[in-house]
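Please read the structure below before turning to the comments.
Since every read-out is calculated from the coordinates, none of them should be taken as a lab result. Keep in mind that this is a model prediction, so the values were computed, not measured. Quick reminder, even Gly has a Cβ in these numbers, built from the backbone with ideal geometry, and neighbours come from all protein chains shown.
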Amino acid sequence: MTGEPSVGMEELERRLRGGDAQALAELFSRERERLWRIVQFRLAEPLRGRLEPDDVLQEAFLAANQRLKHYADSPATSPFIWVRMILNQTLVDLHRQHLGAQKRDAAREVSLDGAPYAQATSASVAIQLIGAFTSPSGAAARADVLGLVQTAIEQMDPTDREVLALRHFEELSNSEVAETLGIEQKAASIRYIRALRRLKEILAQVPDLSNGGQHG
């Protein structure tokens, strides 16, 4: 929230790699808005009444503090992506803990690069998209449109959907997306362009959005 990002982040990373717990607190404070947005986007609908984003962030902070000594030995992962990875694992754990086997659909996760990953579900993407367009009048009409958008988004390749979620809703940079998914920046960029094209095709299938929305 203060000005000097890159120099400050380099110093913060140096301190984190030295096991400085105060640096971790500073990192969470600095990136709080971005981390909060991730929780809001990825928390499964059934958990929204039970868990506050601040509680999830607190859990993630405690987990990061416990793993801080391992950060020094990790590959060249940037501080934000490292913390984001721990936040994601916290979300996976909370989904399993609160939703259990009987709610497998809501707690759905994908495996990216061999690790469990709290999925950007078709529902979460659809809800965000609906909010970005002129809402259909009436709850029933809105539910109908939401269902259509969700069904359409399920047609997307899961990794393309994830790239779209990371860039569009979490507002990560292309280099952060590449680092998160373990792919080259060029590949991340190509996937994003492809996902946007596919998204435009999907939204064109939904009358209330293609007629009343404002995508171009």
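For this structure, a couple of remarks:
- Ranked packing of 64-75, 155-166, most packed first, by mean Cβ within 10 Å: 155-166, 64-75
- Local net charge near Arg194, Cβ-Cβ under 15 Å (Lys/Arg +1, Asp/Glu -1): +2
- Counting charges near Ala76 (Lys, Arg +1; Asp, Glu -1) among other residues having Cβ under 11 Å from its Cβ returns a value of -1.
- Backbone geometry of region 164-170 corresponds, through the Karplus equation with coefficients 6.51, -1.76 and 1.60 at θ = phi - 60°, to 3J(HN,Hα) couplings of 4, 4, 5, 6, 7, 9, 8 Hz, x marking Gly and Pro.
- The modelled label-to-label distance for the pair His98/Gln66, using points 7 Å beyond Cα in the direction of Cβ, is 1.8 nm.
- Where labels lie 7 Å past Cα in the beta-carbon direction, separation of Gln155 and Arg50 in nm: 3.4 nm
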